[in-house]
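Structure record follows, encoded as structure tokens.
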Amino acid sequence: MTTDEVQLRLAGIDDAPDLLAIIRSAFGVRRPASTPPAAMSDSTESVRRRIAEGAGVIVAVNGEDAGCLLLGFEPDQVLTMSRVSVLPTHQHEGIAAAMARAAAEYGADLGFRRVELMARADFPELVTWWQLRGFEVDREVPGGFILGAELPVSIPVPTPEDMRRLGELLAAHLRGGDLLVANGELGAGKTTLAQGLGVGLHVDGPVISPTFVLARNHHSSVGGPDLVHVDAYRMGSAAELEDIDLDSSMADSVTLVEWGAGLAEGLADDRLDIDIVRSADPADDTRVVYLRGHGARWATEDLYPLRESFVPGTAPHRSAPHVADQPEETE
Ligand SMILES: Nc1ncnc2c1ncn2[C@@H]1O[C@H](COP(=O)(O)OP(=O)(O)OP(=O)(O)O)[C@@H](O)[C@H]1O
Ligand SMILES: [Mg+2]
């Protein structure tokens with residue numbers, strides 16, 4: 001199966017009967033546990049209500065529905081995932097992981113900061129499955145655990161000038177030793193963002209594409225960190241990147257590696273991934289920039305205010321607290 005055949009879409013309330021059928025069929029084949037899954041007592045009405053109050057995601061393979069999940073909008077910018085369901089005929093095809101990734105991206109775009117789900121203690125293999133995908137056990141609840149993960153900060157950037165402004169604002173969060181790994185197709189805006197970083201860091205310029213020199217060192221004019229700007233586009237391996245000997249400069253510089261995914265991760269324990277995504281509509285110049293920190297350095301650096309300078313307001317959430325609901329279950 002190629003990924004081209006997999007399509008994800010948001011569910012409308014009219015899709016509730018289809019979602020219910022997928023949920024029943026997925027949860028119906030689970031091995032017996034201490035108590036039957038709460039999913040088995042879902043009704044069309046309860047699924048419709050959850051879609052109306054939150055959202056639903058459906059995945060189709062070759063035009064046929066193959067899986068779904070439900071999203072809840074909770075206070076404090078927490079997104080919940082539940083009823084992660086894949087039809088028995090489509091298990092072990094990576095569908096659950098694809099749905100979870102798409103749901104997380106959708107939640108980040110709406111302004112959620114964190115995603116949580118419940119996994120039952122009866123199914124320790126499911127706890128492990130989510131842990132392998134970046135989730136951590138947050139707390140114990142009756143019957144299981146709440147697992148959670150931080151969402152990337154999603155920032156819509158309409159124009160090149162805005163991309164430079166984002167770089168300038170991001171610079172205020174940076175210090176010597178930071179590693180930034182920028183990804184996105186040709187012309188996505190990686191170098192444009194780097195130009196803004198250069199302005200914000202007050203380094204000598206001009207910051208231009210380093211394609212033919214591999215790495216360019218821009219010195220700070222204010223005694224701050226230098227900017228080391230690297231292009232890994234033509235590098236075939238992490239060893240080639242190591243050959244340009246960034247180690248000597250990294251501790252005192254901000255190092256930005258364009259096209260660094262899969263190559264630059266070994267350069268430091270901590271890094272900030274910057275993924276720039278173009279709109280599917282060629283007439284729309286908007287880029288969405290996803291910022292995702294890895295390691296202790298970024299766990300304490302709140303980059304969410306950068307989003308707030310581009311998008312006013314916070315994520316939607318349910319207005320009334322829900323009292324009687326059971327903790328949610330995932331598959
Ligand atoms: N919203 C936007 N953000 C950034 N750049 C934009 C935007 N809209 C249009 N552009 C244009 O897209 C181009 C981005 O080029 P840039 O060199 O920054 O991309 P890049 O990701 O570094 O590409 P490469 O992979 O070739 O190095 C520029 O010409 C810029 O003016
Ligand atoms: Mg570039």
Sequence of D245, D14, D162, D275 when ordered by accessible area, the most exposed leading, probe 1.4 angstrom: D14, D245, D275, D162
Carbon plus sulfur fraction of accessible area for the chain, probe 1.4 Å, in percent: 52 percent
Amide hydrogen neighbours beyond the local backbone of G184, cut-off 5 Å, H modeled: W259, I276
H294, H317, H218, H92, reordered so the largest accessible area comes first (probe 1.4 Å): H92, H317, H294, H218
Restricting the range 156-206 to GluC sites (Glu not before Pro) in coil, as DSSP defines it, with at most 11 other Cβ within 10 Å: E185
Solvent-accessible area per residue for the chain (1.4 angstrom probe, square angstrom): 48 Å²
Among R120, R24, R139: highest mean-square fluctuation, GNM of the chain, C-alpha pairs under 10 Å: R139
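The values are calculated or read from the model by the stated rules, or taken from the named source; none is laboratory data. All values reported here derive from a predicted model rather than from experimental measurement. All Cβ positions, glycine included, derive from the backbone under ideal geometry; neighbour counts span all protein chains shown. Keep in mind that these areas ignore ligands, DNA and RNA; they rest on the heavy atoms of the full protein, side chains included. Shrake-Rupley method; radii C 1.70, N 1.55, O 1.52, S 1.80 Å.
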